[in-house]
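Asks: Here it is: the structure, laid out below.
What follows is calculated from the coordinates using simple rules that are stated; it is not laboratory data. Worth saying up front: this structure is predicted, and the values here are computed from it rather than measured. For neighbour counting, all protein chains shown are included, and Cβ atoms are generated from backbone atoms with ideal geometry for every residue, glycine included.
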């Protein structure tokens, strides 16, 4: 009986080993692709709006109407919020009444001057009386002009209580609420133009090469979905000043109009061609689908000399489309399993 059991166990082990070998043989392995390391270096940057403004209050008063919220798109001239303008409206009404009174006084002074001129032509009054009438007319006219100027200032002041959008854009921040007290200089909301965005990065002075037409310059937006992360910039500008503390030069690269997804504050990376001592070194790329992530470990299944998949920890680098760079843990020519789940079942 015992020899029979041993024979059965040996047969089961042989069948299991044969199954594992068959499964390992079915695994699809791709050699690690070796290429020449590109002479580009990435510099961290941030997406900014070319046109962004903080709309602040110019007058004192309570906010009685708040017509927008964060994320709303507004048109140029659209009403954003209103401040209590009752006192300003009353001042404007008082200035209007004073201007009307001054206008009536000017009409009386004009008619009186005409009568005095006729009397002077008929030699019924002296030249001194005519001069007094002319002086009174000029004083009344000057008073009317002063009242009209004061009325215009009052109306302009009343316009400050209605806050309008200076340009078409998106509301990025509204730090006030309905009923808050607005004061001169207090920020009411932030507005930016989504059609004009740029990436700003600080580049070391030693590698800053002001070449706006360099075709190798690229922008990476890791926060966007795959396939939309790489953008060719439009206009590139190097600021003419160098930061005295960090010895860096600021680079501004405009995003193409119509680029969907980026927003001010988003992380970006600018890739520039720079002198590199590692130019010509070997660079290994593998498919992104072959990467295995378990907790804090990042690895690949590599076939050993017997054709068995072995999980090996690696350190990854830059991601380009469906390929990812392997910085360490893999040698050129080693076969990487394309389907890590199938390799895990073999193990």
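Asks: Looking only at 273, 240, 256, which one moves most when the chain is put into a Gaussian network model with springs between Cα atoms under 10 Å?
Replies: It is 240.
Asks: Just order 302-312, 115-125, 78-88 by mean Cβ neighbour count inside 10 Å, highest at the front, would you?
Replies: Result, highest mean Cβ count within 10 Å first: 78-88, 302-312, 115-125.
Asks: So how do 106, 130 line up by other beta-carbon neighbours within 10 Å, fewest first?
Replies: By the 10 Å Cβ count, ascending: 130, 106.
Asks: Against the longest alpha carbon principal axis of the chain, how many degrees, from 0 to 90 and to the nearest 10, is the axis of helix 86-121 turned?
Replies: 30
Asks: In addition: May I ask you to derive the relative contact order of segment 86-159, considering only C-alpha pairs under 8 Å and at least 6 residues apart, and to give it as an integer percent?
Replies: Dividing the mean separation by the residue count of segment 86-159 yields 53 percent.
Asks: How far apart, in nm, are two points set 7 Å out from the Cα along the Cα-to-Cβ line at residue 131 and at residue 87?
Replies: The answer from the label model is 4.8 nm.
Asks: In addition: With Rg and the Kirkwood Rh both taken from Cα atoms, where does Rg over Rh land for segment 127-212?
Replies: When Rh is taken as the Kirkwood radius, the ratio is 1.39.
Asks: Cα atoms only, segment 33-115: Rg and Dmax in Å?
Replies: In Å, with Rg to one decimal and Dmax whole: 29.2, 106.
Asks: Can you tell me the FRET efficiency between residue 69 and residue 242 if r is taken as the Cβ-Cβ distance and R0 is 35 Å, rounded to the nearest 0.05?
Replies: 0.25
Asks: Something else: How high is the FRET efficiency from residue 54 to residue 156, r the C-beta distance, R0 30 Å, rounded to 0.05?
Replies: 0.85
Asks: How tilted is helix 2-26 with respect to the longest principal axis of the chain? Cα atoms for both, answer in degrees (0 to 90, nearest 10).
Replies: Compared with the principal axis, the helix lies near 40 degrees.
Asks: Tilt of helix 127-159 relative to the longest C-alpha principal axis of the chain, in degrees (0 to 90, nearest 10)?
Replies: Its long axis makes an angle of about 20 degrees.
Asks: For segment 108-148, what are the per-bin percents of Cα-Cα distances with bins 5 Å wide, up to the bin holding the maximum?
Replies: Calculated over all Cα pairs of segment 108-148, the distribution is 5, 29, 26, 17, 12, 6, 4, 1 percent.
Asks: Pop a pseudo-label 7 angstrom from the Cα along the beta-carbon direction at both residue 315 and residue 120 and give the gap in nm to one decimal.
Replies: 10.0
Asks: What is the chain's relative contact order, in percent, from Cα pairs under 8 angstrom and six or more apart in sequence?
Replies: 27
Asks: Which residue fluctuates the most in the chain, going by a Gaussian network model with Cα springs under 10 Å, if the choices are 132, 198, 103?
Replies: 132
Asks: Quick check on the chain: helices-only [θ] at 222 nm, where DSSP H runs of length 4 and up contribute -39,500 (n - 2.57) each and the sum goes over total residues. Nearest 500, please.
Replies: Result for the chain, helices only: -10500 deg cm²/dmol.
Asks: Pull out the extension gain between residue 177 and residue 76, defined as 0.36 nm times the separation in residues minus the alpha carbon to alpha carbon distance; nm, one decimal.
Replies: Taking 0.36 nm per residue and subtracting the Cα distance, the gain is 34.1 nm.
Asks: Can you work out D for segment 86-159 in µm² s⁻¹ from Stokes-Einstein, where Rh is the Kirkwood radius over C-alpha pairs, the temperature is 20 °C and the viscosity is 1.002 mPa s?
Replies: 157
Asks: Between residue 112 and residue 226, what is the label-point separation in nm under the 7 Å Cα-to-beta-carbon projection?
Replies: 9.1
Asks: Running a GNM on the chain with Cα contacts under 10 Å, which residue among 182, 127, 268 ends up with the highest mean-square fluctuation?
Replies: 127
Asks: Put one equal scatterer on each alpha carbon of the chain, apply the Debye formula with no solvent term, and list log10 I(q)/I(0) at q = 0.06, 0.08, 0.10, 0.15 1/Å to two decimals.
Replies: For the chain at q = 0.06, 0.08, 0.10, 0.15 Å⁻¹, log10 I(q)/I(0) is -0.52, -0.72, -0.87, -1.21.
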